[in-house]
Amino acid sequence: MLRLFRNLIPIHALTLLLSELVLFVSCFVLASMVVLEVDPTVFLLYDGGAERILIAVSSILLALYFHDLYTHILVRSRILLIQQSCQVIGIAFLLQALLNYVNTDLMLPRWLMIIGSGLALISMVVWRLIYAGFVLRAVGEAKVLFLGENELAREMADQIAEHPELGITVLGYINSAAAPGEDWPGMKLLGGVEKLKEIVAATKPDRIVIGMRERRLRLPVIDLMDIRLSGIRVEEATTAFEGVCKRISLKDLRPSQFIFSNELGPNPGSVAAQTVYSFLIALIGTALTAPLMIVVAAAIRLTSPGPILFRQTRVGTHGRAFVLYKFRSMREDAEAKTGAVWATKDDPRVTPIGRWLRKIRLDELPQFLNVLKGQMSIVGPRPERPEFVETLAAVIPFYRQRHWVKPGITGWAQVNHKYGDTVEDAATKLEYDLYYIKNLSFSMDVFIILRTIKTLLLGRGAQ
């Protein structure tokens, strides 16, 4: 894992992205040498060729991202890989066609685009097979050894097994309390705590993660000090969990980690910058989507009785209440008999037009007004209703700490977790929210916005 602009970037995903950038640029440069009658150097340097190629390559990389091909790196089906690669190239051609209406000077010549895309398609499939089969095992593999097998260790092992792009290999775990041969998926019992030094010498880990259920009189402190001084990194399970799972676990979180941490908590500079660019994005978003909002408003008015906008009290920064705006997607009397309840899958209270609005998130557009009023940001923890905040704060530790920053239209929890309607879901989302608060930055907000756009285009998570 690499930390870039306060974000942890999987080494394998970054390596694949950079290698494909070079590969695709090379394909189009080679195509220019084959297709163009003029000197390719003139085209590339003096006729805007380099910029045109970069636009085409960027569209391919963006399409790969939206197809989750930088998340799912392992090739589980060659047929599926070929199908997805063809779809990616098809999107690149569609964007080239769009440029015909925007600025023809940004388009690649027809045959250069055809030949270059053909070479990119073949290279993409071949390189992905090679990368998944050979390079994935050789580039930046961090070998991890677990000392203990508590719940956090098990969650990390599952996450590592499901995401090879993290670039982590689990060597196994050490635990005297377990019976010989007692394993679970992604983990292997290597021996007891008393053999820690021998196992470390044999396996040569890069990191040791402490995940013991009971440490008193069992943690080999002297051995761990010797191992740490030998250059091997030793981490608490709570710290390692954050890097692997991209959330802060509530299971072992203590108040002292908030009080004495130099990182946890929103950076004032980042918060100030977020206020500025959120306002600008909301202003531009309102202007661009105004015609669409008029159409949506008319559709709501014509299909169901009641107001067009839905106003609801939510809890914002530092616990202050504000009125959140949405396009109404439920019946006017949706909570007349039940009071405040969470939305559920296939909620019968949702109107036919509301179900469509929720699926592609158009019901959230009026929240640009909340951003312009300074009550929300574009990115942040989703604001909850006061009734739910009181209930959740009583049973989930540190729940009120999510109000350290402005709530957002979208957030880290929304792009990583399903729509929740239980206390357990709310606790998991809080873990993602705390991770976001700790790492709040412009680059992370951009990443979340891109993930949100992907979620909208693929129709995920709506309820």
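The values are calculated or read from the model by the stated rules, or taken from the named source; none is laboratory data. Note that this is a predicted model, so its numbers are computed, not measured. With ideal geometry, Cβ positions are generated from the backbone for all residues, glycine too; neighbour counts draw on all protein chains shown. Accessible surface is based on the protein model in full, side chains and every heavy atom, while ligands, DNA and RNA are left aside. Shrake-Rupley method; radii C 1.70, N 1.55, O 1.52, S 1.80 Å.
Quick notes on this one:
- Between residue 321 and residue 394, the FRET efficiency estimated from the beta carbon spacing at R0 = 22 angstrom works out to 0.75.
- Projecting the Cα positions of 401, 422, 386 onto the charge dipole of the stretch 380-423 (unit charges on Cβ atoms of Lys, Arg, Asp and Glu, taken about the Cα centre) puts 401 furthest along the positive direction.
- Extending 7 Å from Cα along the Cβ direction at residue 22 and again at residue 159 yields two label points whose distance is 3.0 nm.
- Cβ charges +1 (Lys, Arg) and -1 (Asp, Glu), total dipole of the stretch 1-160, debye: 280 debye
- Using only side-chain charges placed at the Cβ, +1 for Lys and Arg and -1 for Asp and Glu, the dipole size of the chain relative to its Cα centre rounds to 940 debye.
- Once the Cβ-Cβ distance of residue 225 and residue 446 is raised to the sixth power relative to R0 = 45 Å, the FRET efficiency obtained is 0.60.
- Distant-in-sequence amide H partners of residue 142 (H built 1.01 Å from N, under 5 Å): 168, 169
- Positive-end extreme of charge dipole, the chain - chosen from 114, 266, 203 (charges on Cβ): 266
- A simple packing score, the average count of other Cβ atoms within 10 Å per residue, orders the peptides 64-71, 400-407, 16-23 as 400-407, 64-71, 16-23, with the highest score first.
- Relative to the current alpha-carbon distance between residue 194 and residue 54, full extension at 0.36 nm per residue lengthens the span by 44.7 nm.
- The chain: calculated mean residue ellipticity at 222 nm from DSSP helix runs of at least 4, using -39500 (n - 2.57): -16500 deg cm²/dmol
- Point-to-point label distance, residue 105-residue 298, nm (Cα→Cβ direction, 7 Å offset): 3.7 nm
- Remark: for residue pairs 143/197; 188/418; 359/418; 246/438; 326/373, the C-alpha separation exceeds 21 Å in 188/418.
- FRET efficiency, residue 309 to residue 288 (Cβ-Cβ, R0 22 Å, nearest 0.05): 0.70
- Measuring nothing but alpha carbons in the chain and taking Rh as the Kirkwood radius, the Rg to Rh ratio lands at 1.01.
- Considering only beta bridges that DSSP places wholly inside the chain, some 40 percent are antiparallel.
- Carbon and sulfur %, accessible surface of the chain computed with the full protein complex present, 1.4 Å: 63 percent
- DSSP H segments from the chain that extend 18 Å or more along their own axis, Cα-based, with Kyte-Doolittle mean of 0.5 or above: 11-35, 49-66, 78-102, 110-130, 268-303, 442-458
- For the chain: accessible area per residue (Å², 1.4 Å): 51 Å²
- With each label modelled as a point 7 angstrom along the Cα→C-beta vector, the residue 349-residue 79 pair spans 4.5 nm.
- Contour excess over end-to-end distance, with Cα ends at residue 135 and residue 72 and 0.36 nm allotted per residue: 21.2 nm
- Net lengthening on full extension, residue 422/residue 235 (0.36 nm per residue, minus Cα-Cα): 64.1 nm
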